[in-house]
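For reference, the structure discussed in these notes is given below.
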């Protein structure tokens, strides 16, 4: 490391170079002297701004602090704490640093003091913390995530990118929660309620049936005809197949972190370096991504331990395949005992899913409760604790059905939900 005398000589050499070669760039000076460009820029600035070039110009400046901060006396701290209490009572809220600054200005008008009072909000906040008026933030407790068994629970989600030539390209992603493995991915110009069901059917044909599927409240998955907690066609489809649906609360993407992280990899690691401009290019890249994600890219999650998922889990369990026949009403057991709130229309009817039920104009505009009895397959209606009537649940089949016949039925229901949502959207726009 150079001494101060040697540094002074280097700065003088720089001054001589500027006089000999005034047209050189900063990089040329730095290369000639063997120093950094920032060092050259700093000392050239000091030399040029000096009124006269003397030996003092080439010496280092003192690194001692230019401002000596005064310590706040205990009396000043007591005044701040007293103002905190008084102003909080006066304004019926906890007085913060900004309010206390105003209070200090008012205090000085009637109480001249011989010691300095704090003038910054940060100093007042520090005093309040020191005296216990502001508690330190509670440490965030992190609970480690318990991973399920391999291929037991899947997370699904949608994402999209913008193609320069053809607009939006949307893709459907499925990731196994227990192994961080990309189970399935496909792309499309866009998904709706019906095409989402078709994508799920392709997924089940190729990969089998897991025990659980986790997803957010995307309207294509969770949205039903009446947009409440009544099971949507997608949820009914899963329950008929014996799959447990795990619906994440609103604004909680952290509850399905594996698929969210996979989507970030697709968008900002895979597509970002390829820049697809057309649908065909994006789809071709998407088909290559599973091998990269599962076999080449080391996954830093808890399950894989900085190894690719295929290396960490070379042997995966076989999953059940789609059944030949299903019970279309099997989902009804999952809502047994549930209660749905409805308000009777002016014509004396209520709507549950896409079916209307007649109650009577006597109850028009009144709220009622709809109790689901899955054993008797009826809705029991009550108003203010009194039973009104019970009605058979519409839309049930009461018999076994081949899977593909059932799939066409649930496809039709999904299409009707999509049309209903589109009609509501158009009606809302017309009313604006």
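Okay, here's what the table says:
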{"quantity": "Value of relative contact order over the range 74-130, rounded to a whole percent, pairs C-alpha under 8 Å and six or more apart", "calculated": "41"}
{"quantity": "Tensor-based shape of the range 74-130 (alpha-carbon gyration tensor, a/c under 1.5 rounded, otherwise prolate or oblate)", "calculated": "oblate"}
{"quantity": "Label zone at residue 369 (point 7 Å along Cα-to-Cβ), backbone N below 20 Å, the range 187-229", "calculated": "228-229"}
{"quantity": "Distance cut-off 37 Å, percentage of C-alpha pairs in the chain lying past it", "calculated": "59"}
{"quantity": "At R0 = 35 Å, FRET efficiency that the Cβ-Cβ distance of residue 121 and residue 61 yields, to 0.05", "calculated": "0.65"}
{"quantity": "Segment residue 380-residue 394, extension gain: residue separation times 0.36 nm, minus the distance between their alpha carbons", "calculated": "3.7 nm"}
{"quantity": "Kirkwood Rh and Cα Rg combined as Rg over Rh, evaluated for the range 153-312", "calculated": "0.96"}
{"quantity": "Global geometry of the range 1-87, whether rounded, prolate or oblate, following the gyration tensor of its Cα atoms and the 1.5 cut on a/c", "calculated": "prolate"}
{"quantity": "Residue 336 versus residue 280: modelled label distance in nm, points set 7 Å from Cα along the beta carbon direction", "calculated": "5.6"}
{"quantity": "Calculated [θ] (222 nm, deg cm²/dmol) that DSSP helices of n ≥ 4 give over the chain, each run adding -39,500 (n - 2.57)", "calculated": "-12000 deg cm²/dmol"}
{"quantity": "Semi-axis lengths, Å, the range 347-413, gyration tensor of Cα atoms, sqrt of 5 times eigenvalues", "calculated": "29, 14, 8"}
{"quantity": "At R0 = 35 Å, FRET efficiency that the Cβ-Cβ distance of residue 2 and residue 25 yields, to 0.05", "calculated": "0.90"}
{"quantity": "Fluctuation leader among 79, 359, 393 - the chain, Gaussian network, Cα springs under 10 angstrom", "calculated": "79"}
{"quantity": "Ranking of 143, 281, 287 by count of other Cβ atoms within 10 Å, fewest first", "calculated": "143, 287, 281"}
{"quantity": "Relative contact order (%) - criterion: Cα under 8 Å, at least six apart; region: the chain", "calculated": "11"}
{"quantity": "Residue exposure sequence - 49, 196, 23, 349 - by fewest surrounding Cβ within 10 Å", "calculated": "23, 49, 349, 196"}
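Values quoted throughout were computed directly from the atomic coordinates according to the rules given, and no laboratory measurement underlies them. What you see is a predicted model, and the numbers here were worked out from it, not measured in a lab. Positions of Cβ are backbone-derived with ideal geometry, glycine not excepted, and every protein chain shown enters the neighbour counts.
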